[in-house]
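Worksheet: one structure, shown below.
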Amino acid sequence: MQRARITGTGGFLPETVWTNAKLESIMDTSDEWIRKRTGIGQRHLAAAGEGSSDMGTPAARDALAHAGVAPEEVDLIICCTTMPDYLFPATACLIQDRIGARNAGAFDVNAACSGFVCGLASANAYIRSGVYRTVVVVGAESQTNRLNWEKRDTAVLFGDGAGAVVLQAEDGDRGILSTFLGSDGSGGDLLIIPAGGSKAPVTKENAGGPECDIQMKGAELFKQATALFEEASTKALELAGLSLEDVDVFVPHQANARIIGAAAKRLGLPDEKVVMNIERVANTTSASIPLALHEAVAGGRVTEGDTVLLASFGAGLTWGAAVIRW
Ligand code: COA
């Protein structure tokens, strides 16, 4: 059976690093509060004018190099981002041009922190159906330039970066075994930037006001997140005909170390199977899973034959999971 196998992974983090100590110097917060509540110790920050495509491009190049795939061989580029360079054109097109993928289609996916799992599910469907043979899925987020550093409840949580994977059609039993996606738009107000879209464009009156910032009901999201991780994971495993005991490596969306810990506990997955890089990179939204996966692969934590479980939840609400035989 033809499957979509991940043949290369890549990552990129911008140069500037802000530790929690740096945040202590610009807002009323503390290293202790941030670490205790979230597990975050530092985050990477894009430079002024450094957009999501500037991060997605090197991540995609890195993944192609690891896969040994030439840009001309790519059939499709999917860029998962909540912070596109522009409202349009799509960030995927900017990446397509810069990596020289002249035979590829390109489009963006916005499903917030579940974006990468949605992009991966789409790529898998294209490959399984025989439409495409080589797809690059990028998660790229340049989001700190838009953060309000006076809003400590959200500013401490996020960081910038990108991750990418190359998926290729291959006969055999390695590759993506299943994907599961869920959504519940009635929870849209739990995490939202109200202004800047078609419903409430940025105007002279609201510019710089609270409507242009991230508005988050943190405690409610926290509650939902652990249950949604569990639901997505068990459903994807069921679709793959596997159980939680079969999982060798769990790569969850990196929103909060306490959420990941609680979800892993509910799933009965021991710490040594859980990949966590939130201490170094914070929540990079759509980039979080591909970046953590790339680091796990590069660090030798994922090896051939492993069963890898990816799981996410995020604004929307959205949630999803994928099961991969490496
Ligand atoms: N530094 C110091 N104090 C802070 C703070 C900060 N950065 N942010 C909030 N506080 C304060 C609050 O003002 C509040 O003070 P009060 O009790 O005097 O009113 C106190 O800390 C507790 O705030 P609360 O929001 O109840 O904390 P919490 O335990 O719920 O933790 C989050 C807050 C955001 C860490 C937690 O709710 C969370 O992680 N939620 C999920 C968020 C998420 O995952 N978002 C992305 C989804 S993909």
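The values are calculated or read from the model by the stated rules, or taken from the named source; none is laboratory data. Because the structure is predicted, anything quoted here is derived from the model rather than measured. Backbone-built Cβ (ideal geometry, glycine too); neighbour counts: all protein chains shown. We work out accessible area using only protein heavy atoms, side chains counted, and drop any ligands, DNA or RNA first. Shrake-Rupley method; radii C 1.70, N 1.55, O 1.52, S 1.80 Å.
State all residues of region 134-161 that are at pLDDT 95 or above, out of contact with any Ser or Thr (no Cβ under 7 Å at 6 or more places or on another chain), more than 16 Å from the ligand (Cβ to nearest atom) and farther than 16 Å from Q2 by Cα; if no residue qualifies, say none.
The answer is V136, V137, V138.
Please work out which one of (1) free of Cβ contacts under 8 Å to residues at least 24 places away in the same chain; (2) surrounded by 21 or more Cβ atoms within 10 Å (Cβ to Cβ) is the condition L293 fails and give its number.
(1)
Hey, does region 168-190 have a residue that's away from the ligand (no atom under 15 Å from the Cβ), farther than 21 Å from G130 by Cα and open to solvent by less than 20 Å² (accessible area, probe 1.4 Å)?
No, region 168-190 contains no residue that is away from the ligand (no atom under 15 Å from the Cβ), farther than 21 Å from G130 by Cα and open to solvent by less than 20 Å² (accessible area, probe 1.4 Å).
Filter region 8-28 down to the residues that are within 24 Å of the chain's Cα centre (by Cα) and open to solvent by 30 Å² or more (accessible area, probe 1.4 Å) and list them by number.
F12, L13, E15, T16, V17, W18, T19
Of these, N206, N110, which one is in the same structural domain as N20 (by TED's automatic domain parsing) and open to solvent by 20 Å² or more (accessible area, probe 1.4 Å)? Please lay out each step first, then the result.
Numbers: N206 fails: in the same structural domain as N20 (by TED's automatic domain parsing).
Answer to the check: N110.
Which of the residues belonging to region 29-44 are surrounded by 19 or more Cβ atoms within 10 Å (Cβ to Cβ) and farther than 17 Å from A292 by Cα?
The answer is I34, and nothing else.
Counting residues that are modelled with pLDDT under 95 and under 30 Å from V131 (Cα atoms), which strands (runs of 3 or more DSSP E) fully inside region 2-120 reach at least 1? Spell out how you get there, then give the answer.
Values: elements: 2-12, 16-19, 42-45, 76-80, 105-109.
Here the list reads 2-12.
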